Structures are given as C-alpha cells and as structure tokens.
Amino acid sequence: MSVQLTDQAVSPEDLLEPGSPRLAGLLEAIAAGAAERERDRVHPFEQIQLIKDSRLGALRVPREYGGAGGSLRDLFRILVALGAADSNVAHILRQHFAYVEQSLRSTVPEQRERWLREAAAGTIFGGASTELGATKVGAETVGTRLTRGADGELRISGTKYYSTGSLYSDWLMLNALDEAGELAIVIVPADRDGVTLEDDWDGIGQSLTGTGTTHLDGVLVEPDEVLELRMREDGSYPRCGFLQLFITAVEAGVIRNAAEDAAALVRSREGRPFAHAPAERPAEDPLLQEVVGEIVSAAYAAEATVLIAAEALQAEADSVRDGLPDEERSHQASLEAAKAKVVVDELAFRATTRVFDVGGASATKKAKNLDRHWRNARTLSTHNPLLYKAQAIGDVAINGAPLPSTWFF
C-alpha cells in the first residue's frame with residue numbers, strides 16, 4: 001500500500017548519512033539475525049519496514065522535496081554497508097533507487113515532484129520488465145499490453161519475471177506495449193486488484209529478495225500513472241551503469257560480511273587447533289591471521305572500487321541535472337561500472353571461498369550458513385555477465401570501440 005505523501009523536509013538530525021549514529025543503529029538492526037533469516041527462509045518484511053520508517057530510500061531525494069539530498073557516493077557507501085548487514089535487503093532496494101534516479105532526471109515537473117515526494121515519505125518502489133521467451137537478454141520482446149477498454153479505462157495485462165523487491169514494495173514500475181505498439185512505462189500500486197506477486201524464485205542465493213513472478217490481470221492504470229518515456233536521438237535506451245554498479249556494491253557488502261564472519265570464526269575457536277598448527281590458539285595463528293587479512297583487504301578494495309565508479313556516475317548525473325547531457329560522461333560512467341564489476345566479482349569469489357580456510361569441518365555446518373556468502377556473491381554476479389563485460393572493456397582499450405548500447409551497460 002502507498003505511503004502517505006508529506007511536504008515536511010527532513011531535519012538535519014533525521015538524515016541517515018554515512019557514519020551517522022542513526023544509520024549505524026539501522027544497519028545493526030537489519031544485520032541482527034540475517035544469517036538465520038536466510039537459512040530458515042524468514043522474509044525480511046520487518047527490516048524493510050525499518051527502512052521505510054527511517055526513510056533511507058529518500059537519501060538521493062533533494063531537500064526541497066523532503067529528502068536528504070545525498071550524493072551517489074553517499075548512496076553507494078551505504079549500499080556496501082547495507083549489503084554487509086543483509087545482502088537480500090540491499091538487493092530488494094535496487095529498483096527503488098533506480099526509480100528515484102529516473103525521477104531526478106525527469107523534465108516533467110509534476111511527475112518529478114510527485115514521485116520524489118513519495119520517496120521522501122518512505123515509499124518503496126519495485127517493478128519488473130523481464131519476460132521469458134526466445135528473445136535476446138537485454139533486448140526482450142514485450143508481451144505485456146496496455147489497452148483501453150470500451151469504458152475508456154486503461155488496463156495492463158501480462159506476466160513479468162525476476163521481479164526483485166516487488167514483494168516488499170508499495171508501487172510497481174512496469175513496461176508494456178500500448179495499442180499503437182509503442183513502449184509505455186506505468187507505475188501502479190502493488191496492492192491494486194489484478195496484481196499477483198508470486199515468491200517463486202528458487203536461486204541458490206539471494207533467496208529472500210522476492211525475485212519472483214508478477215501476474216497482471218487487467219490491472220487498472222490511472223492516466224497519471226503512465227510515465228513519460230524519453231529515449232536518445234538514435235532511438236536506443238540510455239546506458240544504465242547505475243543498475244549495474246548497484247549489484248556490484250551489494251557484492252562488495254557480501255565480501256565485507258564474509259570478512260566479519262571470518263574474523264569472528266577465528267575468535268570463537270578457543271580450542272582444538274591442528275596438531276601441526278604454529279600456535280596453540282587459533283587467534284594467534286599467523287596462517288589464519290593471513291587469511292583473514294586477505295579477506296579484509298579484499299573487502300576494502302571492493303568498496304574503494306565501487307566508490308571510484310560512483311564518482312563517474314555522479315559526473316554523468318550532474319551533466320543531466322545541469323541540462324547538458326554528456327554522452328562521453330555516460331560512456332565513461334558505464335565503462336567504470338563495468339570495470340568495477342570485473343574486479344569485484346573475482347575478489348568476491350575468492351574471498352567467500354577462503355572463509356572456510358580459517359575453520360575446521362565444523363565451519364561447513366548448515367547452522368553456521370557460511371556458504372551463503374559464496375552463494376549470494378555468485379548469484380549477484382550473474383546479473384551482468386562477467387565474460388562479456390571483460391571482452392567489451394578489452395575492445396575499448398584495444399580498438400577504441402564504444403560499449404554496447406544495451407541496458408546491460
């Protein structure tokens with residue numbers, strides 16, 4: 001259900017800024033029991049409500065609309081920390097923050113103000129665009145239809161997949177073809193009649209993100225819920241380094257969480273060192289210390305990489321805000337997001353495996369759920385294919401070729 005709009009600006013003491021006590025408290029509350037929730041399949045509805053209540057989703061909303069006015073660097077710093085607290089919760093918010101960014105770029109004043117104020121009030125946006133079928137990934141054929149009935153009302157019907165976050169959201173952003181065969185983007189309340197959300201995602205990781213199926217059965221669409229869609233002059237979609245870097249930031253959070261668990265595991269091992277270990281206590285074992293040091297360093301490098309790429313995204317966003325969209329900055333932002341993905345993926349795969357090097361066989365017990373780090377990192381990494389990203393980066397470096405114009409970049 002939609003959160004009530006507000007005209008009240010956020011006071012300085014209410015801002016969830018990086019490093020603030022309020023943010024630290026929120027992250028601590030979300031982290032509590034995260035491993036057990038995933039192990040026992042307990043959905044984080046309570047944790048998402050904490051985010052709504054705290055209005056964390058308003059971080060990028062300008063202060064004049066009731067938000068915190070944070071930068072993209074602020075956002076990605078918090079995303080890494082949120083990913084460390086609970087990677088499922090962080091991933092759930094991907095569509096929300098993407099829609100906030102889209103609203104920030106809107107040149108339709110009424111549309112911009114309405115949805116930014118919704119975000120400022122604590123509303124969470126979700127949605128889905130993917131449809132299954134014999135299509136190219138990243139250039140899907142849209143089977144969902146937006147039609148006008150004899151009564152003049154607009155209705156949307158179709159089936160969407162990979163609806164990450166929709167299970168927890170107040171509004172759903174969806175794409176469809178209208179009666180003229182043109183692409184339309186609509187946004188409807190998640191609890192409107194005709195919307196059915198299935199929690200049928202069965203991936204090995206990120207199991208609580210609500211990445212399931214959305215059925216739309218003649219769902220009413222109000223006239224002001226049809227969004228204006230702007231495309232580039234060449235007819236292609238704008239690049240979307242933001243969505244790609246978002247996933248990489250969550251993955252960096254997974255590495256940080258793995259580092260925390262590795263250190264905690266060594267501290268907890270008071271007895272039973274291996275007979276040939278160089279120290280009597282695991283916490284004093286230089287080999288175990290080295291492994292933990294490597295994982296901690298991987299977490300540091302992953303976050304630093306994400307934040308550097310976030311600065312390129314900010315430069316591109318600033319050019320749009322200033323009314324001078326810069327294709328070169330857009331390309332550079334996407335290129336840096338792609339580079340970050342290639343680096344962080346490899347760091348994550350190694351770090352989340354090395355966690356087991358600091359424990360004995362007991363570290364593999366299901367009760368500890370330490371394998372979630374690798375499962376979640378591997379699942380996150382598949383959202384944008386590493387091999388194609390690396391190839392495209394190489395083509396840029398060798399031949400000066402442009403990146404592909406699909407939304408995967």
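The values are calculated or read from the model by the stated rules, or taken from the named source; none is laboratory data. The structure displayed is predicted, hence computed values, not measured ones. Glycine gets a Cβ as well: all are built from the backbone with ideal geometry, and neighbour counts include every protein chain shown.
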Next on the checklist: I'd like to verify a number: residues in segment 264-287 that are crowded, with 18+ Cβ neighbours inside 10 Å, outside any loop (DSSP other than H, G, I, E, B) and without any contact (Cβ under 8 Å) to a residue 40 or more places away in the chain, how many?
Outcome noted: 0
Checklist outcome for this item: Exactly one of Arg37, Arg77 is more than 26 Å from Ser103 (Cα to Cα) and touching a residue at least 12 places away in the same chain (Cβ under 8 Å), and that one is Arg37
Checklist outcome for this item: Among residues of segment 177-194 being over 23 Å from the mean Cα position of the chain (by Cα) and among the hydrophobic types (A, V, I, L, M, F, W, C), the residue farthest from Glu46 (Cα to Cα) is Ala180
Checklist entry - Of (1) assigned to a strand (DSSP E or B); (2) farther than 29 Å from Tyr65 by Cβ, Leu172 satisfies all except one. Which? => result (2)
Checklist entry - Is it true that Glu110 is charged (D, E, K, R) and under 21 Å from Trp407 (Cβ atoms)? => result no
Next on the checklist: of a type in the set (Gly, Ala, Ser), outside any loop (DSSP other than H, G, I, E, B), modelled with pLDDT of 95 or more and crowded, with 19+ Cβ neighbours inside 10 Å: which single residue out of Ala184, Ala249 fits that description?
Outcome noted: Ala249
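I'd like the residue in segment 111-135 that is part of a loop (DSSP other than H, G, I, E, B) and surrounded by fewer than 17 Cβ atoms within 10 Å (Cβ to Cβ) and, out of all such residues, is modelled with the highest pLDDT.
Of segment 111-135, the ones part of a loop (DSSP other than H, G, I, E, B) are 121-124, 129, 131-135.
Checking which are surrounded by fewer than 17 Cβ atoms within 10 Å (Cβ to Cβ) leaves us with 132-135.
Working: Leu132: 81, Gly133: 71, Ala134: 54, Thr135: 65.
If we take residues in segment 111-135 being part of a loop (DSSP other than H, G, I, E, B) and surrounded by fewer than 17 Cβ atoms within 10 Å (Cβ to Cβ), then Leu132 is modelled with the highest pLDDT.
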Next on the checklist: With among the charged types (D, E, K, R) and closer than 30 Å to Pro404 by Cα as the only criterion, which of Asp357, Asp345 stands out?
Outcome noted: Asp345
Item to check | Complete set of residues in segment 57-78 that are under 15 Å from Phe242 (Cα atoms) and in contact with a Lys or Arg (Cβ under 9 Å, 6 or more places away or on another chain) | outcome: Ser71, Leu72, Asp74, Leu75
Checklist entry - From the set of residues in segment 207-243 that are polar (S, T, N, Q) and at pLDDT 95 or above, which is farthest from Arg112 (Cα to Cα)? => result Ser207
Next on the checklist: Among the residues in segment 153-161, are any in a loop (DSSP other than H, G, I, E, B), under 16 Å from Ser129 (Cβ atoms) and not assigned by TED's automatic domain parsing to the domain that holds Pro44?
Outcome noted: no
Next on the checklist: Can you go through Ser334, Ser330, Ser405 and tell me which one is in contact with an Asp or Glu (Cβ under 7 Å, 6 or more places away or on another chain) and either of a type in the set (Ser, Thr, Tyr) or surrounded by fewer than 16 Cβ atoms within 10 Å (Cβ to Cβ) (or both)?
Outcome noted: Ser330
